Every structure is written in structure tokens, then in C-alpha cells.
């Protein structure tokens, strides 16, 4: 019997212009913890983890943000979405249009951007 490959995790890499600032946002506002960093004082690459989600943050020159290019959008499957929405609402990270809503495609979700214009959508099926 042939052994097949098995995919079991994904670690998306988000571009950021300041890894320390990104770590501050993800740790102190979104409740992640630092998994690793390539340098303790001035990292260019780091990872954060919360529950079963690991996101990597990679430095990119700030000049790249002057270009009109699309940024990544992550869709993160979530349990207890109301509690997570309430937690993040208390952290004052939403824009005025961020709502927890039911969609026509059968999810309950909310979305916002991190300080580096990377999109984060948290959802669960309904």
C-alpha cells in the first residue's frame, strides 16, 4: 500500500513593515503569543500562535505599501464567535463598520484589517 502525503496545518506569512509593531498588535490586542522570532530585538521574521492558529509575520520594506497591490485576507474558522467578537470589541480594534453578521453563504463572521492592511476574517458555519 502506497503512503500518501497528508496536509495538516498551514502557516500563512503576512507582510508587515515593522515586525515589533506587528507582534505588539497580535499579542497585546488579539491574544496571540510569540512562537518564535529570528532576532530578540529587531526581528525580520516571527511567528505568533493562538489556540491551533499560527501566523508568521515577515518584514517588507515600507515602500511596498506605496504600491496599489492587494494584501492577504485570512479566513479563520472560529468556535464561540460571539465571545471572540466581544473580546476584540473591547480591544478597540474594529473600524465603525465591523459587525458580527450572518451571511448569505451560511456563515456568522466579522472582519477587520491589521495595522499593515492584512485582512482577518473570523467565522463559523451556521
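The values are calculated or read from the model by the stated rules, or taken from the named source; none is laboratory data. On a predicted model such as this, the values are computed, not experimentally measured, just so you know. FYI the Cβ positions are ideal-geometry reconstructions off the backbone, even for glycines, and counts take in every protein chain you see.
Go through the stretch 101-114 and count every residue that is assigned to a loop (DSSP other than H, G, I, E, B) and either out of contact with any strand residue (DSSP E or B) (no Cβ under 8 Å at 6 or more places or on another chain) or crowded, with 18+ Cβ neighbours inside 10 Å (or both).
First pass over the stretch 101-114, keeping only residues assigned to a loop (DSSP other than H, G, I, E, B): 103-106, 114.
Now restrict to residues that are either out of contact with any strand residue (DSSP E or B) (no Cβ under 8 Å at 6 or more places or on another chain) or crowded, with 18+ Cβ neighbours inside 10 Å (or both): 104-105, 114.
Final tally of qualifying residues: 3.
Report whether or not residue 14 is surrounded by 14 or more Cβ atoms within 10 Å (Cβ to Cβ), in a strand (DSSP E or B) and touching a residue at least 60 places away in the same chain (Cβ under 8 Å). Step through it out loud before you land on a result.
Numbers: surrounded by 14 or more Cβ atoms within 10 Å (Cβ to Cβ): yes; in a strand (DSSP E or B): yes; touching a residue at least 60 places away in the same chain (Cβ under 8 Å): yes.
For residue 14, the condition - surrounded by 14 or more Cβ atoms within 10 Å (Cβ to Cβ), in a strand (DSSP E or B) and touching a residue at least 60 places away in the same chain (Cβ under 8 Å) - is met.
Only residues in the stretch 64-93 that are farther than 16 Å from residue 120 by Cβ count as the first member; pair them with residues that are at pLDDT below 90, Cβ under 8 angstrom, at least 6 apart or cross-chain, and list the lot.
65/117
Can you name the number of the only condition in (1) closer than 26 Å to residue 8 by Cβ; (2) crowded, with 16+ Cβ neighbours inside 10 Å; (3) touching a strand residue (DSSP E or B) at 6+ places or on another chain (Cβ under 6 Å) that residue 30 fails?
The single condition residue 30 does not satisfy is (3).
Results for (1) modelled with pLDDT of 95 or more; (2) within 13 Å of the chain's Cα centre (by Cα); (3) assigned to a loop (DSSP other than H, G, I, E, B), shown as yes or no for each residue.
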| site | (1), (2), (3) |
| --- | --- |
| 54 | yes, yes, no |
| 65 | no, no, no |
| 69 | no, no, yes |
| 79 | no, no, yes |
